[in-house]
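Here the structure comes first, spelled out in structure tokens, and everything after it is commentary.
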Amino acid sequence: MAKFVSLEEAVSHIKDDDMLVVGGFGSFGSPEELLEGLAERYEKDAHPKNLTVLCGITPGDKLEATDEPGKGYNLGVNRLRAEGLISTIRCGNLTDARAIAYAVGDNKIAGYLPPMGVMVNLFRAVAGGRPGLITKVGLGTFCDPRNEGCAVNDKARELGSIVRLMEIDGEEYLFYNGFKPNVCFLRGTYADEDGNISMAQEGLHGTELEIAIATRNSGGIVIVQVQDIVRRGTLQTKEIRLHEKFVDYIVKAENPDNHRQCYATSKHRPELSGEVKLARGATKKLPLTLRKVIARRAALELLPDLIINFGSGIPSGIGSVAAEEGLGHGLTASVESGPMGGQVQEGLSFPGVANADAIFTQTDTLDMYDGGLLDIAFLGAAEIDEKGNVNVSKFAGRCIGAGGFIDISQNTKKVYFLGNFTAGKPKPDIEITGDGLNIHKDGSEMKYVKNVQQITFSGEYAVKSGQDITYISERTVFKLTPDGLMLTEIAPGVDLQKDVLDKMEFKPLVSPDLKLMDKRLFKDGLMEI
């Protein structure tokens, strides 16, 4: 039977060199009080040290550190930033844990960053007693051992590989090594007096069960933070995510701020957890900016009855455009965090979904993605090269990982990569004229480069797989061909040589049927598509 213990006792069970799995996803589901208690113990005792930390996606606040109290590096796995506490991290993405990302970039912590779907399915594989995971996810990307093999710094490369190439029936696969956790930190909403754990008010259905069983079956300790303790027999059976036999220790959060549904607000939002569906208000109309131009061009690709994944950033605006134009009927959004249908949230509320039709687990969702569930995906792009490779995972020598990007982009039939044509500061001065663009001053940094810093999406693999790949900016549309990128559309008012070809590090193919982008993209008011 699970034991109810103090925070101090719970974190006392972690030893030097342990492997710790941390649940949560971005701003959701962080076992915040447990992480705070572990950080305080290390500050006081200098133990435990040299931990290996595993996550699907690190919980954290996404913020840079500032001098303002409570801003940046203060939440989630960021709390474990003290030098010497973590020796190795293995997770799908470090965007939300900037402090750890910088330590990996500075080679202070060994960093392995496999795809998010690989990580969550490894939890399931380890729970089932299997030695690892065989999958095609990651072939041709930085996860492929012929490239970086997920090891993103020298410290990780010195420790050795976690992935190897193999062949089955003449086809290439990757084998990702399993692991044996010593302890895990998880979070639930309620524990009953016997120790059963309910996730009733959690915004996402994460990998709590897979992590708990992987840890338990490896001989490790399962520690769960809860919001409150209720009488035995009062939890609805279908809401129990962890049986008492799977749990060793339970800590009731004393600080309400350490058990917020997500970091975006202290207010509980039942529409995010599927407890209720709130009356839908009017969708907020996007102002006419370059972001909206790009989102509009992407929205022209929407068809009825599609299952769609919208990435964060520019792609998240497509839903607003679709709603504004009355195209929402029949479109179903799916997010790698589990929810399907509803309204995908932005900022710190991402990857939550309001008024979802259903909320699946992350593991089940990514399994379905790997099998080809998605009809279409709209994703961001930081760099694109002449082979059609895309980088979203490494900038200025620091790697943050791909999250679910590789799982989505590699296994979806049609993928659209969205982003501004150039980048850099000061911001470009580009006028939207009503029927095109007038580029007064462009960005200082090229995004269409000879070779991307890191391959998060492989154009070569996509061509071999027969995927339909398109790259959209405010002034261009490119298609991926076996011979590289082909320019198929250009914005009215844009000079092909000066504003496009001279702002690329490589010379693309130019379609003999090069078209002007639809002038309606650049007008205020409805496009009436």
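The values are calculated or read from the model by the stated rules, or taken from the named source; none is laboratory data. Keep in mind it's a predicted model, so treat the numbers as computed, not measured. In this analysis, Cβ positions are derived from the backbone assuming ideal geometry, glycine residues included, and neighbour counts consider all displayed protein chains. Surface accessibility is based on the protein's heavy atoms, side chains included, excluding ligands, DNA and RNA. Shrake-Rupley method; radii C 1.70, N 1.55, O 1.52, S 1.80 Å.
Odds and ends about this structure:
- Neighbourhood net charge (12 Å Cβ-Cβ; Lys/Arg +1, Asp/Glu -1) for ARG260: -2
- Among the GluC sites (Glu not before Pro) within segment 189-233, not one is in coil by DSSP while having at most 14 neighbouring Cβ atoms inside 10 Å.
- Cross-link pairs LYS284/LYS507; LYS44/LYS394; LYS108/LYS245; LYS427/LYS498 - those with Cα-Cα distance over 28 Å: LYS284/LYS507; LYS44/LYS394; LYS108/LYS245
- The stretch between ASP194 and LYS427 holds 78.1 nm of extra length on full extension. This uses 0.36 nm per residue minus the Cα-Cα distance.
- Projecting the Cα atoms of THR215, GLY138, PRO428 onto the charge dipole of the chain, computed from C-beta unit charges around the Cα centre, puts PRO428 farthest toward the positive end.
- Most tightly packed first, judged by the mean number of other beta-carbon atoms within 10 Å of their residues, the peptides 237-244, 418-425 read 418-425, 237-244.
- Label zone of LEU526 (point 7 Å out along Cα→Cβ, amide N under 19 Å): in segment 313-346 this covers 318-331.
- Computed label-point distance, nm, for sites LYS3 and LYS464 using a 7 Å Cα→Cβ extension: 5.3
- Cα centroid of segment 384-434 to Cα centroid of segment 181-238, whole Å: 37
- Heavy-atom accessible area per residue - the chain, 1.4 Å, Å²: 41
- Extension gain, HIS440 back to LEU159 (0.36 nm per residue minus Cα-Cα distance, nm): 96.1 nm
- Note on the chain: with neighbouring protein chains present and a 1.4 Å probe, carbon and sulfur make up 48 percent of its accessible heavy-atom surface.
- Global form of segment 144-198, assessed from the alpha-carbon gyration tensor, a/c cut-off 1.5: prolate
- Using a cutoff of 8 angstrom between alpha carbon atoms and counting only pairs six or more residues apart, the relative contact order for segment 161-223 works out to 33 percent.
- Protection proxy ranking, peptides 490-502, 76-88, average beta carbon neighbours within 10 Å, highest first: 76-88, 490-502
- Contact order relative to length of the chain, as percent, for alpha carbon pairs under 8 angstrom and 6 or more apart: 13
- Cβ crowding within 10 Å averaged over residues, with 292-304, 249-261 ranked highest first: 292-304, 249-261
- Counting only DSSP H runs of at least 4 residues, each contributing -39500 (n - 2.57), and dividing by the residue count of the chain, the helix-based mean residue ellipticity at 222 nm comes to -5000 deg cm²/dmol.
- Within the shell defined by Cβ-Cβ distances under 15 Å, the residues around ASN182 carry a net charge of +1, with Lys and Arg each +1 and Asp and Glu each -1.
- Neighbourhood net charge (15 Å Cβ-Cβ; Lys/Arg +1, Asp/Glu -1) for MET486: -2
- Percent RCO, i.e. relative contact order, over segment 376-468, from Cα pairs under 8 Å lying at least 6 residues apart: 41
- The chain: antiparallel DSSP beta bridges as a percent of all, rounded to 5: 45
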